[in-house]
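*Asks:* A single structure is presented below for examination.
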Amino acid sequence: RGPVWVLVVGLVLLKLGIFLFADRVVFSLGTFKNISLAENATVQAVVSRIPAEVAFLILQFHTQQYNITLSFSKVPTLSSSHTAVDSGLLSPLLITQTSLDWYLLSPENRPLTSVGVILAYGSSDPVPGGCSGDKSFDPSVHLQYNLFVTTVTIAPANAGYARGAVLPTCNATRGPSARLEYHVYQYFLPEGDLSEQSLLSHMQAVASVASMTAHGTKLITWAASEKLSASFKSVPGQGVIYSVVVRDPVLNASASYVPVHTYACSFSSTLDSCMTIGKVSTKIFFTIAGFAGFFVCFFGHQFFKCELFCLGHAFAAVVFFVLITRTTTLEYNLRLALTALVGVVGGVLLVLSWWRFGSVLCCVLVVGLTMGFLLAAAFFFTPVGELLIFRSGAVFWVTFGGIVLLVPLVFVRWPREGNIMTCGAVGAYAVVLAVNSYAYTSLSYITLDILKRFLNNNYSRTFTSMPFQDIDYIMLTVWAVLGVSGVVLQLHRERTRPFFPPSPYLMWKQERERRKTNVLDPSHHMPSLPRRLQHWLLGAFHRKEPAGEVTPLLL
């Protein structure tokens with residue numbers, strides 16, 4: 001009976017322990033754990049056996065779209081907790097402290113899936129957010145975004161110190177914290193991947209100093225005396241992780257702030273959700289533009305009036321969209337419809353101007369400006385556009401405008417070749433934009449960046465780095481192949497034809513003058529159009545009288 005009673009008591013104690021510690025998770029330093037929170041549950045995170053050389057700990061938890069609260073106490077207070085999708089707390093350790101615990105809960109009373117880690121730092125490592133201005137520490141990267149820019153801000157760090165030591169003074173001009181450097185890193189998630197699993201797995205890859213410096217891209221470096229805030233380009237639907245690594249160059253030590261992520265869109269919005277970011281109206285608009293661009297790419301110069309209509313449509317649509325967006329608050333679909341309508345008017349006006357005046361110079365001007373816009377936008381899409389000098393709005397727009405105006409001057413010397421090159425480049429890029437409305441590609445931001453600068457006065461101060469992944473290389477190849485093929489085909493086909501087709505109106509005037517002077521031409525004796533219309537109307541309302549014999553003749 002003895003072993004039976006021991007077994008029964010053991011099972012009871014085991015169930016009692018499971019009940020008591022069901023909401024208690026034991027962490028190891030530097031090891032990630034996936035935590036699932038129930039609606040009204042509170043989970044206690046515990047770490048023990050902390051080495052004596054550890055001076056402070058940073059606990060960070062990450063979710064995809066819903067806030068999670070970290071707290072030093074079971075009942076969170078404003079000064080002892082932090083609530084965010086990328087939440088973090090910093091705990092300085094006492095001299096004899098070997099264990100620590102925190103509490104996790106869902107502030108919105110909904111189930112949560114998160115990943116967390118506890119990182120340990122020594123006495124020589126800088127303290128992220130150690131000079132936040134109050135008695136608490138703020139190791140988080142604070143992020144705000146809109147359609148155009150994403151802004152990250154951090155609290156100043158303090159120099160490292162041992163357990164129980166007096167905190168170094170927080171002085172940005174002199175003192176230990178004045179020597180600190182801040183490096184801002186960026187890490188792009190896979191394009192088009194909005195899954196929770198992808199975010200949590202990649203967040204694990206960049207949570208520490210070593211992993212972020214190995215996988216991320218360093219954008220800027222702040223000195224301690226600078227404003228610890230920077231703006232970057234928003235890419236709605238593209239996941240991005242930002243982190244800041246603070247470094248002490250004297251002690252050669254570093255520490256990482258809590259990384260933060262953004263998709264520059266909302267998962268909870270019913271209208272512009274991240275999941276429905278591609279509007280049907282946008283897809284229809286750019287699908288039509290893609291088919292028109294494909295036609296222009298291979299047949300634009302041959303069907304000159306069709307090319308003029310398409311380029312005039314694009315030119316007028318861009319100008320009108322910028323104006324209506326800056327001056328009104330109309331809904332997006334209405335603005336897009338009005339833009340398409342004004343684009344049609346612009347295309348018709350350009351065709352009519354060619355039909356009436358036949359001025360090659362006027363048409364080459366519009367064609368050259370369109371090509372110049374695309375070339376200038378592509379120039380600033382390269383790493384050259386990241387130079388600090390171009391963050392000045394005046395320098396940027398002067399350079400951009402110079403490139404745009406230079407292209408029409410070149411086209412005046414070689415109008416046919418310039419027109420065919422524009423057909424190939426612009427037409428192929430329209431195909432890329434059409435593909436972008438279904439499968440995201442960074443190449444769409446070649447022109448979208450310029451539109452954002454037109455629409456947002458502060459956009460020039462943002463960093464505009466973009467991910468360049470497999471689909472971007474594929475679309476760049478498609479653009480190059482289509483453009484080169486279209487240019488070569490049209491140059492070969494047009495080599496024996498006149499540079500430009502003659503103006504229809506001028507041809508009609510010449511034909512009219514020829515008929516007036518050439519009496520042998522049968523059309524010379526033809527009545528004018530008004531007389532022919534008058535004769536037809538009179539014949540429709542008057543019965544012809546019979547002339548002569550109407551009965552059959554007997555042979």
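The values are calculated or read from the model by the stated rules, or taken from the named source; none is laboratory data. Please read all numbers here as calculations on a predicted model, not as lab measurements. So basically every Cβ, Gly included, is an ideal-geometry build from the backbone, and we count neighbours across all protein chains shown. We work out accessible area using only protein heavy atoms, side chains counted, and drop any ligands, DNA or RNA first. Shrake-Rupley method; radii C 1.70, N 1.55, O 1.52, S 1.80 Å.
*Asks:* Round to the nearest 10 and give me the degree value, 0 to 90, for the angle of helix 196-205's Cα axis relative to the longest principal axis of the chain.
*Replies:* Orientation of helix 196-205: about 60 degrees from the principal axis.
*Asks:* When a/c reaches 1.5 or more, the comparison of a/b and b/c decides; with that in mind, is the range 109-176 rounded, prolate or oblate per its Cα gyration tensor? Intermediate results must be reported in sequence, preceding the final value.
*Replies:* Numbers: a/c = 2.71, a/b = 1.45, b/c = 1.86.
Since a/c reaches 1.5 but b/c is at least a/b, the shape of the range 109-176 is classed as oblate.
*Asks:* Given charges of +1 on the Cβ of Lys and Arg and -1 on the Cβ of Asp and Glu, with all other atoms neutral, how large is the dipole of the chain about its Cα centre, in debye to the nearest 20? Numbers along the way, then the final one.
*Replies:* On the way: 39 positive and 29 negative charges, 306 e Å.
With only Lys, Arg, Asp and Glu charged at Cβ, the dipole is about 1480 debye.
*Asks:* On the protein heavy atoms, probe 1.4 angstrom, tell me the percent of accessible surface of the chain carried by carbon and sulfur. Walk me through the numbers before you get to the answer.
*Replies:* Working: 19430 of 29470 Å².
Here carbon and sulfur together make up 66 percent of the probe-accessible area.
*Asks:* Just to confirm the number: angle between the C-alpha axis of helix 360-381 and the first principal axis of the chain, 0 to 90 degrees, nearest 10?
*Replies:* Here the helix axis deviates by roughly 10 degrees.
*Asks:* Still on this structure, I have one more. Tell me the label-point distance for the pair R532, S195, using the 7 Å Cα-to-Cβ offset, in nm and rounded to one decimal.
*Replies:* 7.0 nm
*Asks:* So, taking all protein chains as they sit and a 1.4 Å probe, how much accessible area belongs to T327, in Å² rounded to tens?
*Replies:* 110 Å²
*Asks:* Moving on. Can you tally the lysine pairs in the chain where the Cα-Cα distance is under 22 Å and the two residues are eight or more apart, or on different chains?
*Replies:* 10
*Asks:* Roughly what angle does helix 445-455 make with the longest principal axis of the chain, taking Cα atoms, 0 to 90 degrees, to the nearest 10?
*Replies:* For 445-455 against the chain, the angle is about 90 degrees.
*Asks:* Can I ask one more? Ranking request for peptides 112-124, 221-233: highest mean number of other beta-carbon atoms within 10 Å first, then the rest in descending order. Display every interim value, and only then the final one.
*Replies:* Values: 112-124: 20.3, 221-233: 16.0.
Descending mean neighbour count gives 112-124, 221-233.
*Asks:* Counting heavy atoms of the protein chains only and a 1.4 Å probe, report the per residue accessible area for the range 21-163 as a whole number of Å². If you can, show how the numbers build up before the last one.
*Replies:* Details: 6280 Å² over 143 residues.
Per residue, the range 21-163 has an accessible area of 44 Å².
*Asks:* Quote to one decimal, in nm, the extra length available between V26 and V484 on full extension: 0.36 nm per residue of separation minus the C-alpha distance between them. Present the calculation step by step, with values, prior to reporting the outcome.
*Replies:* Numbers: separation 458, 0.36 × 458 = 164.88 nm, distance 6.12 nm.
Gain in length upon complete extension: 158.8 nm.
*Asks:* Next question, about the same structure. In deg cm²/dmol and to the nearest 500, what is the mean residue ellipticity at 222 nm of the chain if only DSSP H runs of at least 4 residues count, each as -39500 (n - 2.57), divided by the residue total?
*Replies:* Details: 13 runs with 233 residues, N = 555.
Mean residue ellipticity at 222 nm (helix-derived): -14000 deg cm²/dmol.
*Asks:* Same structure again: Quick one: length gained pulling I324 to L375 fully straight, 0.36 nm per residue minus the C-alpha distance? Don't jump to the answer; show the numbers that get you there.
*Replies:* Numbers: separation 51, 0.36 × 51 = 18.36 nm, distance 2.47 nm.
Stretched fully, the I324-L375 segment lengthens by 15.9 nm.
*Asks:* Taking only the alpha carbons of the range 373-424, what extent do you get along each of the three principal axes, in Å, biggest first?
*Replies:* Principal-axis extents of the Cα atoms in the range 373-424, largest first: 38, 18, 10 Å.
*Asks:* Then there is this: Match the structure shown to one of the listed values (1) -0.20, -0.40, -0.67, -1.03; (2) -0.26, -0.51, -0.80, -1.09; (3) -0.36, -0.59, -0.82, -1.04 of log10 I(q)/I(0) by the Debye sum over Cα atoms at q = 0.05, 0.07, 0.09, 0.11 Å⁻¹, computed from it, and give that label.
*Replies:* Calculated log10 I(q)/I(0) by the Debye sum over Cα atoms at q = 0.05, 0.07, 0.09, 0.11 Å⁻¹: the matching label is (3).
*Asks:* Right, something else. On full extension of the chain, what length is gained from A38 through A223, given 0.36 nm per residue of separation minus the C-alpha to C-alpha distance?
*Replies:* Values: separation 185, 0.36 × 185 = 66.60 nm, distance 4.30 nm.
Between A38 and A223, full extension yields an extra 62.3 nm.
*Asks:* Keeping all protein chains in position, work out how much accessible area W414 exposes to a 1.4 Å probe, and write it in Å² to the nearest 10.
*Replies:* W414 has an accessible surface of roughly 130 Å² with all protein chains in place.
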